[in-house]
Amino acid sequence: MATLRDIKQRIKGVKNTQQITKAMKMVAAAKLRRAQDAIINARPYAKKIQSLISDLTSDDDINSNPLFIQRQVKNVAIVVITADRGLCGAFNTNIIREANRFIDEEILKENLSYSLFCVGKKGKDFFTKRNFNVVDSFVGIFSSLDFSFAQRLSDRLITGYINGEFDKVIVIFNEFKSIIQQKVVVEQYLPILVDKNTNRNTKASLNYIYEPDRKSIFDFLIPKNLRAQLWRFLLESNAAEFAARMTAMDNATTNAKELIRTLNLKYNKERQASITKEILEIVSGANALKSSQ
Amino acid sequence: MSDLYLEIVSPSKTVFKGEVDSITVPGTLGKFQILKNHAPIVSTLEIGELRIRNKSEIRFFAISGGTIEVLNNKVLILADSIEDVDEIDLERAKRSKERAEKRLQLKDKDLDVPRAQASLARALNRIRLKEIHSSKRI
């Protein structure tokens with residue numbers, strides 16, 4: 001049976017927690033606004049450069065450029081983008097679960113091997129602890145998200161792909177849909193997929209003038225495109241993280257409020273019961289005295 | 001006759017969207033102008049000046065490389081970085097010029113020479129355009 005003092009202490013504790021979650025929510029909301037602007041401004045470029053490439057690619061390119069050729073797959077590189085910190089609801093769990101499922105169903109079942117690249121501390125901790133084949137991990141990049149990181153990682157993946165270290169690159173990340181919604185996305189990064197539904201051949205057969213020439217333009221555009229895509233993934237994940245944290249902390253604050261309400265009720269009931277008990281004791285004591293006289 | 005639709009995007013934002021009469025860009029093989037009904041072209045762009053004319057209004061931008069695609073009177077410019085000449089921060093450009101020059105002079109072994117040169121070229125481009133166009137307006 002909880003005494004009055006216990007309940008009072010409990011209420012105080014919950015109130016403290018509520019203050020913290022409230023503050024975290026505010027911080028996440030402020031950071032979210034900036035991250036949201038960044039991703040919304042970065043999307044058009046990433047989208048346009050990708051569609052420009054799929055417009056210009058002909059069937060010849062698909063069969064001759066190493067970054068387009070579909071090879072016999074033996075080893076798959078998986079880039080898992082999680083957050084560095086927790087307390088953001090199911091944000092990290094969803095990514096890790098999807099990565100786990102992917103490794104089980106699409107890699108191990110097919111007798112393929114994989115190399116994991118973990119971006120974010122949470123993914124790294126999870127996978128290294130369980131002895132997954134983590135080749136490289138990047139921690140703390142989200143505190144000051146910088147384009148040069150996207151460039152470095154992208155160059156690393158391209159080199160690995162060209163050297164034959166892996167035959168396919170997959171990226172798993174959270175896409176920022178809206179403040180209340182994140183979506184786990186699995187994207188093929190390499191070889192580059194061109195959208196077969198567009199009227200690609202009619203467009204590519206158009207006699208574009210190429211300056212300086214076709215090959216230099218491709219060599220210029222493709223690494224740029226890959227960097228821009230990876231950069232977009234990172235920004236998506238970053239915005240989604242803050243959105244998830246904001247929602248999680250908002251829920252926690254509401255829960256704390258509800259908890260405080262029930263505890264208060266319990267406290268008052270308890271208080272009333274103890275008063276009643278005291279009165280009862282006095283009255284029965286008085287009665288006992290009276291009857292004994 | 002402004003039926004030429006132009007869109008300029010850079011990795012950090014969409015810089016321009018709308019109809020224009022003509023566009024002059026610093027192509028890799030030389031500066032060229034695009035008017036209505038230009039033939040389809042794809043070209044890489046160098047560091048330099050980008051000029052947009054719409055009726056009597058002319059706008060100047062400092063561009064640091066990118067790509068242009070022209071197809072059916074739709075022009076798409078993917079710029080590595082681009083800014084309106086009016087928005088150039090002259091002091092900042094001068095500082096980065098000095099920084100790049102210093103780095104090139106020191107001839108450090110670890111120095112990424114092409115990168116330092118590119119950064120110098122970008123700074124010089126900004127300074128040059130800012131000086132040309134601000135003197136014109138006064």
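Only the coordinates and a few stated rules stand behind these numbers; no lab work does. Everything numeric here is computed off the predicted structure, so don't read it as measured data. A quick note on method: Cβ atoms are made from the backbone with ideal geometry, for glycine too, and the neighbour counts reach across all protein chains shown.
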> Mean residue ellipticity at 222 nm from the helices of chain B, using -39,500 (n - 2.57) per DSSP H segment of n ≥ 4 over the full residue count, to the nearest 500 deg cm²/dmol?
Replying inline: -10500 deg cm²/dmol
> log₁₀ I(q)/I(0) of the protein assembly as shown at q = 0.12, 0.14 Å⁻¹, via Debye over equal Cα point scatterers, no solvent, to two decimals?
Replying inline: -1.12, -1.34
>> Can you give me the angle between helix B:90-106 and the longest principal axis of chain B, using Cα atoms only, in degrees from 0 to 90, rounded to the nearest 10?
In response: 50 degrees
>> Helix B:113-137 against the longest principal axis of chain B: what's the angle in degrees, Cα atoms only, rounded to the nearest 10?
In response: 60 degrees
> Say a site is exposed when it is one of the GluC sites (Glu not before Pro), sits in a DSSP loop, and has at most 16 other Cβ atoms within 10 Å; what is then the longest site-free stretch of chain A?
Replying inline: A:166-293
> If you look for lysine pairs in the range B:88-137 that are eight or more places apart or on different chains, how many of them have Cα atoms under 28 Å apart?
Replying inline: 10
> What spacing in nm lies between the two simple spin-label points modelled at residue A:110 and residue B:53, each 7 Å away from Cα in the Cβ direction?
Replying inline: 5.6 nm
>> At a threshold of 8 angstrom on Cα-Cα distance, excluding pairs fewer than six apart, so keeping six or more, what relative contact order does the range A:171-293 reach in percent?
In response: 31 percent
> When only Cα pairs under 8 Å and 6 or more residues apart are kept, what is the percent relative contact order across the range B:88-137?
Replying inline: 49 percent
> Shape call for the range A:22-248 from the C-alpha gyration tensor, a ≥ b ≥ c root eigenvalues: rounded (a/c under 1.5), prolate (a/b greater than b/c) or oblate?
Replying inline: oblate
>> Explain nothing, just compute: Karplus ³J(HN,Hα) = 6.51 cos²θ - 1.76 cosθ + 1.60, θ = phi - 60°, for every residue of the range A:259-274 in order, whole Hz, x for Gly and Pro.
In response: 4, 4, 4, 5, 5, 4, 4, 4, 4, 5, 4, 4, 4, 4, 4, 5
>> Taking 41 Å as R0, compute the FRET efficiency from the Cβ-Cβ separation of residue A:129 and residue A:23 and round it to 0.05.
In response: 0.85
> Each label point is 7 Å from the Cα along the Cα-to-Cβ direction; what then is the distance between the points at residue A:186 and residue A:290, in nm?
Replying inline: 8.1 nm
>> Just to confirm the number: angle between the C-alpha axis of helix A:147-163 and the first principal axis of chain A, 0 to 90 degrees, nearest 10?
In response: 50 degrees
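In the range B:40-102, which trypsin sites (Lys or Arg not before Pro) fall in coil by DSSP and have 16 or fewer other Cβ atoms within 10 Å? Walk me through the intermediate numbers first.
On the way: sites: B:51, B:53, B:55, B:59, B:74, B:92, B:94, B:95, B:97, B:99, B:102; in loops: B:55.
Loop-located and lightly packed - B:55.
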>> What does the C-alpha gyration tensor say about the overall shape of the range A:84-156? Classify as rounded when a/c is under 1.5, otherwise prolate if a/b is larger than b/c, or oblate.
In response: oblate
> Using a cut-off of 23 Å between alpha-carbon atoms, which lysines can reach residue A:129, once sequence neighbours fewer than 8 places away in the same chain are excluded?
Replying inline: A:109, A:121
> By the scheme Lys and Arg +1, Asp and Glu -1, what is the net charge of all other residues having a beta-carbon under 14 Å from that of residue A:85?
Replying inline: +2
> With each label point set 7 Å from Cα along the Cα-Cβ vector, what nm distance links residue B:35 and residue B:117?
Replying inline: 3.7 nm
>> Using the Karplus curve 6.51 cos²θ - 1.76 cosθ + 1.60 with θ = phi - 60°, what ³J(HN,Hα) values do you get for each residue of the range B:40-57, in whole Hz, with x for Gly and Pro?
In response: x, 8, 10, 9, 8, 10, 9, 6, x, 9, 10, 10, 10, 10, 9, 6, 9, 8
> Helix-derived [θ] at 222 nm for chain A: sum -39500 (n - 2.57) over DSSP H runs of at least 4, divide by residue count, nearest 500?
Replying inline: -22000 deg cm²/dmol
> Are any of the pairs A:12/A:269; A:168/A:224; A:25/B:17; A:224/B:17; A:47/A:183 more than 25 Å apart by Cα-Cα distance, and if so, which?
Replying inline: A:25/B:17
> Between the range A:249-281 and the range B:3-64, what is the C-alpha centre distance in whole Å?
Replying inline: 69 Å
> What is the range A:1-135 by shape, rounded, prolate or oblate, if you read a ≥ b ≥ c off the alpha carbon gyration tensor as root eigenvalues and call it rounded for a/c under 1.5, prolate for a/b larger than b/c, and oblate otherwise?
Replying inline: oblate
